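Participant: The structure under discussion is supplied below as structure tokens; questions concerning it will follow.
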Amino acid sequence: MDNKDIKILVVDDEEIIRRLFTDALKGWGYQVDMASDGKEAIECCARSDYHIVLTDLNMPNLDGISLINRIKSRWPLMEIIVITGYGTIETAIDAMKLGAIDFILKPVNFDHVRFIIKKCAQKIKANNENQELREMNTQLRELNEMKDKFLSITNHEIRTPLTIIRGYLEILDTVAMEIDEESQEILDIIKRTTLELSETVDRMHTLSKIDHLKWTEIGSAVDICKLVKEIYSEMERLFHHRAIEFYAEHPDKPLLVRGTKDGLRLLLRELLQNALKFTPDNGKVTVKVISDLREVIIEVKDTGIGIAYEKQDLIFTDFYEVQDSINHKSSQAEFMGGGMGIGLTLVKDIVITLRGRIIVDSEPNVGSTFKIYLPKLAKKAEAPVDAVIHS
Ligand code: ADP
């Protein structure tokens, strides 16, 4: 909001004074109208939204005090500044009690007028910005609620037919049936893509509020080394398939952190799934667990495409993807495979719930390292890195 957006009404029965104020205010860039008494001023206010009314107190028809009364009762947000002489200073105080924001003393010093109008305009601008922020916040909240509603409805609507398709596919598998090679290939493609669609729907559900709460429970003690070992063996074949060297390094003894097994599993899988997706074939991915006195540090490092510095904060926001989703491959295990931009939002939420922190260090075309620091639960679990497994 600039000066030109602020509308001022000058009310004075003396034409020369009206003109003087009007010319000065116009010169400072404000929009200005004039009225010759209180009655005309009310008519102007009814026609147009003024931000400021600058009024004399002694006027015929409707005096300044009555004018303030009427304006404040009908348009409480309009600011009023009164012009008064020394003789009527008490009336000016009455005017302030009725809601006028300030007064200008006659004989008029225009530096002072400029200062008072500027102060008042600043207040109006700040109110306006606050109002805009409040409206934007409400809009964001509504959008967020709509997103959650949309996710849970589509989830349900997609899940039901998917369950039926998968059920019949399983029946087809169990029924002994002679089919030729080409039909078998087609059937395999249907099975694979149905499974991928189910996974996508599961991920969508994970984002919806109810499940989000489930992932971010505080939980109790989880041995992170054991979990890494399990996930390593579950995901190993995916890396192997793409000729990516995959290493897991962790102490051979338990390292306990607070959390739920499901939440920490999701966290590790999301980071590793990203490392797999964004590392070209023949690259290298390492998941490493180390600990210091107070923290357990989980590091997932890849030699993939990396993330530009200015995007590194954005990747933790809902539905944000650095790459254009049009260029995605359909499978999540392929290089530049598809995603929905929600994994890291969830990872960050889980880490925050567990009073930890996440740091990303990445360089385009060199690779990325995600480090998660979680509070350690027991000292006795500490041990040097003595177990290394790789694909
Ligand atoms: P998505 O499901 O799309 O992978 P995420 O929230 O997990 O969603 O990640 C958001 C975006 O951050 C990704 O789409 C990708 O652009 C970028 N990103 C995440 N991890 C990596 C990584 N290891 N290497 C390069 N880019 C990454």
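Participant: With a sphere of radius 9 Å drawn around the Cβ of R242, what net charge do the other residues whose Cβ falls strictly inside it have (Lys, Arg +1; Asp, Glu -1)?
Facilitator: -2
Participant: Give the residue from N137, T160, L172 lying farthest towards the positive end of the charge dipole for segment 133-178; charges sit on Cβ (+1 for Lys and Arg, -1 for Asp and Glu) and the dipole is referred to the Cα centre.
Facilitator: N137
Participant: Something else now. Taking the Cα centre of the chain as origin, sum charge times position over the Cβ atoms of Lys and Arg (+1) and Asp and Glu (-1), and report the length of that vector in debye to the nearest 20.
Facilitator: In total the dipole reaches around 1360 debye.
Participant: Within the chain, what percent of beta bridges assigned by DSSP are antiparallel, to the nearest 5? Walk me through the numbers before you get to the answer.
Facilitator: On the way: 32 of 56 bridges.
About 55 percent, rounded to the nearest 5.
Participant: Then there's this: Kindly give Rg over Rh for the chain, based on alpha-carbon atoms, with the Kirkwood expression for the hydrodynamic radius.
Facilitator: Radius of gyration over Kirkwood radius for the chain works out to 1.27.
Participant: Follow-up question, since we're still on this one. With contacts defined as alpha carbon pairs under 8 Å and 6 or more residues apart, what's the relative contact order of the chain in percent?
Facilitator: Relative contact order of the chain: 12 percent.
Participant: At most 16 other Cβ atoms within 10 Å and a DSSP loop assignment: could you name the trypsin sites (Lys or Arg not before Pro) in segment 229-305 that fit?
Facilitator: Counting only loop positions with at most 16 other Cβ atoms within 10 Å, the trypsin sites (Lys or Arg not before Pro) in segment 229-305 are R294.
Participant: With n ≥ 4 as the cut-off for DSSP H runs, can you work out [θ] at 222 nm for the chain, using -39500 (n - 2.57) per run divided by the number of residues, rounded to the nearest 500?
Facilitator: After summing the helix terms and dividing by the residues of the chain, the value is -16500 deg cm²/dmol.
Participant: Here is a further query. How would segment 51-138 be classified by its alpha-carbon gyration tensor: rounded, prolate or oblate, with rounded meaning a/c under 1.5 and the a/b versus b/c comparison settling the rest? Present the calculation step by step, with values, prior to reporting the outcome.
Facilitator: Working: a/c = 3.03, a/b = 1.62, b/c = 1.87.
Oblate, since a/c reaches 1.5 and b/c is not below a/b.
Participant: Expressed as an acute angle from 0 to 90° and rounded to the nearest 10, what is the orientation of the C-alpha long axis of helix 15-27 relative to the principal long axis of the chain?
Facilitator: For 15-27 against the chain, the angle is about 30 degrees.
Participant: Something else: Grab the other residues whose beta carbon is less than 15 angstrom from that of I89, score K and R as +1, D and E as -1, and report the net.
Facilitator: So the surrounding residues net to -2.
Participant: Could you tell me which of P364, H205, T22 has its Cα farthest along the dipole of the chain towards the positive end, charges placed at Cβ (Lys, Arg +1; Asp, Glu -1), taken about the Cα centre?
Facilitator: Among P364, H205, T22, the one farthest towards the positive end of the dipole of the chain is T22.
Participant: Another one. Take the alpha carbon gyration tensor of segment 1-124, find the square roots of its eigenvalues, order them as a ≥ b ≥ c, and report rounded if a/c is under 1.5; if not, report prolate when a/b exceeds b/c, else oblate.
Facilitator: Since a/c stays below 1.5, the shape of segment 1-124 is classed as rounded.
Participant: Work through the residues other than T345 whose Cβ is under 10 Å from its Cβ and net out their charges, Lys, Arg +1 and Asp, Glu -1.
Facilitator: -2
Participant: By its C-alpha gyration tensor, with a ≥ b ≥ c as the square roots of the eigenvalues, how is segment 229-322 shaped: rounded for a/c under 1.5, else prolate for a/b larger than b/c, else oblate?
Facilitator: It is oblate, given that a/c is not under 1.5 and a/b is not larger than b/c.
Participant: Still on this structure: Among Q273, T286, I80, pick out the residue whose Cα is farthest towards the positive end of the charge dipole of the chain, where Lys and Arg carry +1 and Asp and Glu carry -1 on C-beta, about the Cα centre.
Facilitator: With unit charges placed on the Cβ atoms, the residue in question is I80.
Participant: Determine the relative contact order of segment 185-301: mean sequence separation of Cα pairs under 8 Å and six or more apart, normalised by residue count, in whole percent.
Facilitator: 26 percent.
Participant: Okay, moving on. Do any GluC sites (Glu not before Pro) in segment 220-257 lie in a DSSP loop with no more than 10 other beta carbon atoms within 10 Å, and if so, which?
Facilitator: Counting only loop positions with at most 10 other Cβ atoms within 10 Å, none of the GluC sites (Glu not before Pro) in segment 220-257 qualifies.
Participant: Based on Cβ point charges of +1 for Lys and Arg and -1 for Asp and Glu, what charge dipole magnitude is obtained for segment 67-166 about its Cα centre, in debye rounded to the nearest 20?
Facilitator: Details: 16 positive and 12 negative charges, 17 e Å.
Dipole about the Cα centre, nearest 20: 80 debye.
Participant: Hey, what did segment 117-239 get for relative contact order, percent, Cα under 8 Å, at least 6 apart?
Facilitator: Reported as a whole number, the value is 33 percent.
Participant: Next question. Any chance you could count the Lys pairs in segment 76-162 whose alpha carbons are under 29 Å apart, treating pairs 8 or more apart or on different chains as valid?
Facilitator: Pairs that pass both the separation and distance tests number 9.
Each value in this text was obtained by applying a stated rule to the coordinates, not by laboratory testing. The structure presented is a predicted model; accordingly, all values stated were derived computationally and were not measured. A quick note on method: Cβ atoms are made from the backbone with ideal geometry, for glycine too, and the neighbour counts reach across all protein chains shown.
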